[in-house]
Amino acid sequence: MIDLRSDTVTKPSLAMREAMHHAEVGDDVFGDDPTVNQLQRYAADLVGKEAAIFVPSGTMGNLAAILAHAGRGQELLLGDESHIYHYEAGGASALGGLVFHPIPTNAQGELDLAALNAAVRPAYDAHAAQAGLVCLENSHNRCGGTVLSLEYLAQVQQWASSQNLPVHMDGARVFNAAVALGVPASTITKHVDSVQFCLSKGLGAPIGSIVAGSGEFIKKVHRWRKMLGGGMRQVGVVAAAGMIALNEGRERLIDDHVNAKMLAEALSQLPQIELDLASVQTNIIVFGLRDSTFSPEQLVERLRQAGVLIVPFKGRLRAVTHVDVNREQCTEASSIIAEVLQSA
């Protein structure tokens with residue numbers, strides 16, 4: 001199978017398995033795991049923050065960060081296409097008592113500044129929930145892996161500061177964004193108060209995410225992580241794979257981007273497929289079908305039978321390149337997709 005469902009399907013490399021086997025460990029709840037401590041220091045440095053904490057998943061990382069920033073009854077200003085809004089089970093509301101205030105998301109993944117400004121209720125209005133936090137996503141999954149510009153991030157930072165609002169970035173794929181922009185990740189994350197990023201997506205680790213921010217903020221996240229069930233013991237076993245992911249995985253993300261562009265260009269040549277090449281900025285390809293011969297779900301099943309795995313996505317289809325799919329396999333996948341569509 002050529003598995004293009006997500007960059008979460010990758011298997012740990014031999015180097016990761018070896019590092020996990022030999023990892024020096026301790027009790028992380030006591031702060032005694034040296035491998036976790038090393039990973040947290042390194043991760044914080046990479047994104048230019050004072051401190052960081054290792055968490056089991058991106059969903060827990062985002063939730064712990066949100067709860068550390070904002071309190072019950074406050075509004076969470078976030079995009080109506082954001083991962084937090086669509087795919088994280090409403091945790092901020094269910095567990096934190098926060099109110100989702102979705103803002104329209106443009107094709108680039110941006111939230112219009114005028115719309116953000118209009119969403120902030122007057123402090124004197126006793127009827128309205130008060131804004132507590134702004135969340136951005138970079139790169140943006142549901143927009144097809146698009147990347148927020150540095151200019152836009154600076155504008156949001158300036159506006160949020162004028163409103164005395166913190167900004168959290170769901171940066172699950174922030175290193176993809178950094179590669180696309182040709183800058184260090186810290187150039188992106190300097191515009192936000194906190195960031196969550198995944199080790200288990202394009203970076204290839206089997207598990208884990210990082211939340212980074214100020215030292216005082218991470219102390220709050222640490223407490224929320226414990227309350228959410230994320231306090232772990234000898235977790236250096238998997239943190240060791242995270243170190244390999246950060247050391248070796250960041251630079252090779254460009255290969256995924258090149259492969260995605262190549263695959264997207266091949267698909268765009270097929271008369272049955274509708275695809276905006278300008279939206280393919282990182283490792284995610286979202287495309288539609290021009291005719292009704294197949295529904296997205298039917299095409300997914302036919303491709304599975306032919307040896308290619310993709311997923312239905314917002315009434316369209318999504319393919320994601322990653323470390324376990326090479327250039328030749330992407331070429332093969334495009335040929336298989338063409339053959340299946342032509343066989344209808």
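The values are calculated or read from the model by the stated rules, or taken from the named source; none is laboratory data. On a predicted model such as this, the values are computed, not experimentally measured, just so you know. Heads up, the Cβs are rebuilt from the backbone with ideal geometry, glycines too, and the neighbour counts pull from every protein chain shown.
Among the residues of segment 189-208, are any of a type outside the set (Gly, Ala, Ser), in contact (Cβ under 8 Å) with a residue 12 or more places away in the chain and part of a helix (DSSP H, G or I)?
Taking segment 189-208 as the starting set, the residues that turn out to be of a type outside the set (Gly, Ala, Ser) are 189-193, 195-199, 201, 203, 206-207.
Right, trim to in contact (Cβ under 8 Å) with a residue 12 or more places away in the chain and you get 189-193, 195-199, 201, 203, 206-207.
In the following step, the residues that additionally are part of a helix (DSSP H, G or I) were identified as 189.
For segment 189-208, residues of a type outside the set (Gly, Ala, Ser), in contact (Cβ under 8 Å) with a residue 12 or more places away in the chain and part of a helix (DSSP H, G or I): present.
Does segment 211-220 contain any residue that is assigned by TED's automatic domain parsing to the domain that holds Ile337, of a type in the set (S, T, N, Q) and either over 30 Å from Ile53 (Cα atoms) or in a loop (DSSP other than H, G, I, E, B) (or both)?
Checked against the condition, which is being assigned by TED's automatic domain parsing to the domain that holds Ile337, of a type in the set (S, T, N, Q) and either over 30 Å from Ile53 (Cα atoms) or in a loop (DSSP other than H, G, I, E, B) (or both), segment 211-220 yields no hits at all.
Take Ala241 and tell me if it is buried (at least 20 other Cβ atoms within 10 Å of the Cβ) and outside the structural domain of Pro56 (by TED's automatic domain parsing).
Answer is no for this residue.
Using beta carbons and a limit of 7 Å, which pairs, at least six apart or on different chains, have the first residue in segment 261-275 and within 8 Å of Phe287 (Cβ to Cβ) and the second one exposed (fewer than 15 other Cβ atoms within 10 Å of the Cβ) and of a type in the set (D, E, K, R)?
Pairs found: Ile273/Arg290; Glu274/Arg290.
Any residue in segment 300-318 that is small (Gly, Ala, Ser), at pLDDT below 95 and either touching a Cys at 6+ places or on another chain (Cβ under 8 Å) or within 16 Å of Ala344 (Cβ to Cβ) (or both)?
Checked against the condition, which is being small (Gly, Ala, Ser), at pLDDT below 95 and either touching a Cys at 6+ places or on another chain (Cβ under 8 Å) or within 16 Å of Ala344 (Cβ to Cβ) (or both), segment 300-318 yields no hits at all.
Take Leu246 and tell me if it is assigned to a helix (DSSP H, G or I) and hydrophobic (A, V, I, L, M, F, W, C).
Yes; evaluated as a whole, the condition is true for this residue.
In the list Val25, Val29, Val47, Val36, which residue meets the criterion of being touching a residue at least 40 places away in the same chain (Cβ under 8 Å), under 16 Å from Leu203 (Cβ atoms) and hydrophobic (A, V, I, L, M, F, W, C)? Write out each step before concluding.
Details: Val25 fails: under 16 Å from Leu203 (Cβ atoms); Val29 fails: under 16 Å from Leu203 (Cβ atoms); Val36 fails: under 16 Å from Leu203 (Cβ atoms).
Selected residue: Val47, the only one of Val25, Val29, Val47, Val36 that is touching a residue at least 40 places away in the same chain (Cβ under 8 Å), under 16 Å from Leu203 (Cβ atoms) and hydrophobic (A, V, I, L, M, F, W, C).
Residues that are closer than 18 Å to Ala180 by Cα and either of a type in the set (Val, Ile, Thr) or not assigned by TED's automatic domain parsing to the domain that holds Phe197 (or both): find the helices (runs of 4 or more DSSP H) completely inside segment 249-344 holding 1 or more of those. Reasoning before the result, please.
On the way: elements: 253-268, 296-306, 327-342.
So the answer is 253-268.
Give the residues of segment 44-58 that are among the small types (Gly, Ala, Ser) and in a helix (DSSP H, G or I), sorted by residue number.
Kept after step one, since they are among the small types (Gly, Ala, Ser), are these residues of segment 44-58: 44, 48, 51-52, 57-58.
Scanning segment 44-58 gives Ala44, Gly58.
In this structure, does Ser161 turn out to be small (Gly, Ala, Ser) and in contact with a Gly (Cβ under 6 Å, 6 or more places away or on another chain)?
Here the answer is no, as Ser161 does not meet what is asked.
Just to be sure, is Pro12 in contact with a Pro (Cβ under 9 Å, 6 or more places away or on another chain) and at pLDDT 95 or above?
In short, yes.
Just to be sure before I move on: is Thr59 polar (S, T, N, Q), modelled with pLDDT of 95 or more and surrounded by fewer than 24 Cβ atoms within 10 Å (Cβ to Cβ) in the structure I sent? Quick ask: steps written out before the conclusion?
Working: polar (S, T, N, Q): yes; modelled with pLDDT of 95 or more: yes; surrounded by fewer than 24 Cβ atoms within 10 Å (Cβ to Cβ): yes.
Yes; evaluated as a whole, the condition is true for this residue.
Return yes when Ala212 is modelled with pLDDT of 95 or more, in contact with a helix residue (DSSP H, G or I) (Cβ under 7 Å, 6 or more places away or on another chain), of a type in the set (Gly, Ala, Ser) and surrounded by fewer than 22 Cβ atoms within 10 Å (Cβ to Cβ) and no when it is not.
no
This table checks each residue for (1) touching a Cys at 6+ places or on another chain (Cβ under 7 Å); (2) β-branched (Val, Ile, Thr); (3) closer than 25 Å to Thr187 by Cα.
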residue: Asp33; (1), (2), (3): no, no, no
residue: Ala43; (1), (2), (3): no, no, yes
residue: His69; (1), (2), (3): no, no, yes
residue: Leu76; (1), (2), (3): yes, no, yes
residue: Gly90; (1), (2), (3): no, no, no
residue: Leu98; (1), (2), (3): no, no, no
residue: Pro104; (1), (2), (3): no, no, no
residue: Ala118; (1), (2), (3): no, no, no
